[in-house]
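Read the structure below first, then the notes.
The values are calculated or read from the model by the stated rules, or taken from the named source; none is laboratory data. As the structure is a computational prediction, the values presented were derived from the model and not from experiment. Cβ placement follows ideal geometry from the backbone for every residue including glycine, while neighbour counts extend to all protein chains displayed.
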Amino acid sequence: MAKLRVGILGFGEAGQSVATGLKKSATAEHPIEISTWDILLPSNEKGAPLKAAADKIGVRTVGSAAELAQASDIILSLVTTEESLVAARQMAPHIVKGTLFLDCNSTSPGMKRDVAKTITAGGGRSVEAAVMDLVPRSQHKVPMLLAGKDAEELIRKLAPYGVDMKSVGDDIGAASTIKMCRSVFMKGLDAIRMECMVAAETAGVTDRIVSSLQVTIPEINWPVFIGKKLGGAAQHSGRRAGEMREVATTLRELGLDPTMAEATSRRLQWCADLGMKERAAATRVPGSITEFVDDVRAGLAAQSSAKAAE
């Protein structure tokens, strides 16, 4: 049987996770060939780790967006939120007519439609995806909501590899609208936990706050739960802040004032600007409230020192 040729546009954590899962799920009956292009690949410093990861997974790296387009029956766009439309514009002039392009990036419905128009103008067939959970945890089986006239065909092509994809209709933007509205709640909780616990530690009342939460909602082990969630915030606040800016755009498109979305974005960006992700990579991911707040204090101290040196 002919191999399904999948191209992954953007080979960061999400791209690598999806590629790993797809490769493991391939069989003799349903073989797969995966290629990838990332704008960082030509860089000796930043491209080397990506090439090493690709070699380990069994993914072929290519030298340009044009080469990826020629090597793919399906292209999965897994770039950053800010680069979603840029990546589509780079791909569109080279895309082979009829190629399925799955936009997996966390952007507003309006941006999804702009990407779809760009790909369609180049001869491709665009489908949007709203990724509804953490990609590294579930890899290619992460739940996704799809929208677009060709969503069902794309699902059929990837179904033999165990994907968890559901179509919510033909209209581009329908899936991302669901995700963006959900993110007001989910990412808002990230910001609330962060602000509450930093304030509680600063005031010396953390134990009382956590004990009170335990009484109110006893089904949750609050110290463990909050510690785990703060650890995730330390690693992913920058990406989530970008997503919340798209959420704010979505709410404006709906005619609503994005009060909570904008506040959430600011708090998450504050965390990212403290260098929490870099600190977690260099030392350890914070696993408790105390460790998280210690890292916040270290980040604030570093910012203060940098300003004093200016």
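Of note:
- When the criteria are applied in full, Ala248 meets the requirement of being in contact with a Pro (Cβ under 7 Å, 6 or more places away or on another chain), outside the structural domain of Asn105 (by TED's automatic domain parsing), modelled with pLDDT of 95 or more and among the small types (Gly, Ala, Ser).
- Listed by position, the helices (runs of 4 or more DSSP H) contained in the range 210-286 that have at least 2 residues being closer than 12 Å to Asp190 by Cα are 222-253, 259-273.
- Selection from the range 19-42 of residues that are among the acidic types (Asp, Glu) and more than 24 Å from the chain's Cα centre (by Cα): Glu29
- Residue check for Asp257: among the charged types (D, E, K, R), under 20 Å from the mean Cα position of the chain (by Cα) and assigned by TED's automatic domain parsing to the domain that holds Cys196: no
- The single residue among Thr206, Thr177 that is of a type in the set (S, T, N, Q), farther than 25 Å from Thr120 by Cα and in contact (Cβ under 8 Å) with a residue 60 or more places away in the chain turns out to be Thr206.
- The listed residue being assigned by TED's automatic domain parsing to the domain that holds Glu195 and farther than 20 Å from Val224 by Cβ, out of Gly287, Gly299: Gly299
- Criterion violated by Leu189 - all others in (1) in a loop (DSSP other than H, G, I, E, B); (2) within 24 Å of Met132 (Cβ to Cβ) satisfied: (1)
- Residue list for the range 79-119, restricted to those being more than 20 Å from the chain's Cα centre (by Cα) and free of Cβ contacts under 8 Å to residues at least 24 places away in the same chain: Lys117
- When the criteria are applied in full, Ser108 meets the requirement of being modelled with pLDDT under 95 and of a type in the set (Gly, Ala, Ser).
- Scanning the range 31-74 for residues that are closer than 24 Å to Val96 by Cα, outside any strand (DSSP E or B) and of a type in the set (S, T, N, Q) yields Ser64, Gln70, Ser72.
- Check on Pro258, surrounded by 18 or more Cβ atoms within 10 Å (Cβ to Cβ) and not basic (Lys, Arg): yes
So that you can scan it fast, the table gives a plain yes or no per residue for (1) touching a helix residue (DSSP H, G or I) at 6+ places or on another chain (Cβ under 7 Å); (2) at pLDDT 95 or above:
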{"residue": "Ser35", "(1), (2)": "yes, yes"}
{"residue": "Pro42", "(1), (2)": "no, no"}
{"residue": "Ala53", "(1), (2)": "yes, yes"}
{"residue": "Gly58", "(1), (2)": "yes, yes"}
{"residue": "Ala66", "(1), (2)": "yes, yes"}
{"residue": "Ile74", "(1), (2)": "yes, yes"}
{"residue": "Thr81", "(1), (2)": "yes, no"}
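- Verdict on Ala200 being in a helix (DSSP H, G or I), closer than 15 Å to Val296 by Cβ and at pLDDT below 95: no
- Residues in the range 148-172 that are outside any helix (DSSP H, G or I), touching a residue at least 40 places away in the same chain (Cβ under 8 Å) and farther than 9 Å from Val127 by Cα: Gly162 only.
- Residue selected from the range 75-127 under the condition in a loop (DSSP other than H, G, I, E, B) and hydroxyl-bearing (Ser, Thr, Tyr), by the criterion surrounded by the most Cβ atoms within 10 Å (Cβ to Cβ): Thr107
- Answer from Arg284, Arg239 - the residue that is within 22 Å of Gly12 (Cα to Cα), modelled with pLDDT under 95, buried (at least 16 other Cβ atoms within 10 Å of the Cβ) and under 27 Å from the mean Cα position of the chain (by Cα): Arg239
- Some residue of the range 188-198 being in contact with a Phe, Trp or Tyr (Cβ under 7 Å, 6 or more places away or on another chain), surrounded by fewer than 16 Cβ atoms within 10 Å (Cβ to Cβ) and not β-branched (Val, Ile, Thr): no
- Any hit, the range 7-19, residues being outside the structural domain of Thr249 (by TED's automatic domain parsing), crowded, with 20+ Cβ neighbours inside 10 Å, over 22 Å from Asp164 (Cα atoms) and in contact (Cβ under 8 Å) with a residue 12 or more places away in the chain: no
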